[in-house]
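To start, the structure under review is shown below, and the notes come after it.
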Amino acid sequence: MSSVDVKALGKVAVLMGGTSAERDVSLMSGEGVLQALQSQGVNAHAFDPAKQDLVELKKQGFDRCFIALHGRHGEDGTVQGALELLGIPYTGSGVMASSIAMDKVMTKRIWLAEGLPTPRYVVLPSNRQSREDVRAVPDEIGLPLIVKPPHEGSSIGVSKVSGYSDMADAVALAAKYDHEVLCEEFIDGEEVTCPVLGQGANAVALPVVRIAAPEGAYDYQNKYFTDVVKYHVPSGLPEAEEREIQRIVVEAYRTLNCRGWGRADLMIRKRDRKPFLLEMNTSPGMTSHSLVPKSAAASGMPYEQLCLHLISNASLDSSKT
């Protein structure tokens, strides 16, 4: 990777915190990024949109933004749209790609239209969450299944349902976070994740990370606050399998028109080793437990270099690329 002219980056805002359910994780990500950029001599400052109006970015003379926000109003195209209007380049995907990727249902529709593998699903809008509607879901996609809010991340509001009697509680939990509920076929197998850097024809997959959680409990608590989950990178998967996952992930990333960076989560079905795409994260975590830094390090790019690489590629939808 070519060296970055730190002075040319100007004054950098690290956007962190925000108002989503993932605020705490965002603060951890942002703190890590801020320290990394400052350690490389970047004129970087913390900026919490929950405490300051985004217009202040312009008033305070920021030249570019590292988006370390997760979830709504950070990863869903809204902040990206505001920065477009302010004319301040930012890391990660543009308005439309961010908006689509944040909506797991829209993402699945696009992937399926493009022939990419993703688990079968049923959507329950707010007017289709009666007892009868809820109990009908397992008849359509089988048990066990996963119930989740389609606009949240970090496993918030997610349940694994093993029997009909568990459906009502799972849907009620997901509905606390979203107006519609996504019910998804459960893929029995190994969970993996794969980051991507770049844009379009230049998008490149980083090493696959294989996630080994105790009894499959890769939940919010285990993701960020314990050390019981094991992350294998190199993944230990057969080389051909790893390459196929990387190929699918880059295609999934390009299909959504992502840029800068992203991370796809997948399941590999045990019985036939077929990979299934679960979601695309356009503002992945950068905490001490996060997976993009682990994968980048395995490819020879330490955390500080990754942060520099991302901020140096900050751009706008309106930029000619």
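The values are calculated or read from the model by the stated rules, or taken from the named source; none is laboratory data. In this text the structure is predicted, and so the values were computed from the model without any measurement. We place every Cβ from the backbone using ideal geometry, glycine too, and count neighbours over all the protein chains shown. In case anyone asks, the SASA skips ligands and DNA or RNA and just uses the protein heavy atoms, side chains included. Shrake-Rupley method; radii C 1.70, N 1.55, O 1.52, S 1.80 Å.
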Radius ratio Rg over Rh of the range 1-56, counting only Cα atoms, Kirkwood formula for Rh: 1.03
Share antiparallel - DSSP beta bridges, the chain, percent rounded to 5: 80 percent
With Cα atoms, 0 to 90° folded angle of helix 23-39 axis to the chain main axis: 30 degrees
Alpha carbon convex hull of the chain, projected area averaged over orientations, nm²: 16.2 nm²
Rounded Å value of the spacing that divides the Cα centres of the range 1-76 and the range 188-203: 23 Å
The range 262-321: radius of gyration over Cα atoms, expressed as a fraction of 2.2 N^0.38 Å: 1.43
In degrees, nearest ten, helix 239-255 long axis to first principal axis of the chain (Cα): 70 degrees
The range 62-104 residues near the modelled A50 label - backbone nitrogen below 15 Å, point 7 Å along Cα→Cβ: 68-75
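Against the 2.2 N^0.38 Å scaling, with N counting residues, where does the range 91-169 land? I'd like the Cα-based Rg ratio to two decimal places. Before the final figure, lay out the partial values.
On the way: Rg = 14.2 Å, N = 79, 2.2 N^0.38 = 11.6 Å.
The range 91-169 yields a ratio of 1.22.
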Rg/Rg_ref, the range 179-308, where Rg_ref = 2.2 N^0.38 Å and atoms are Cα: 1.03
Area of M28 that stays accessible when all protein chains are in place (1.4 Å probe, Å², to 10): 70 Å²
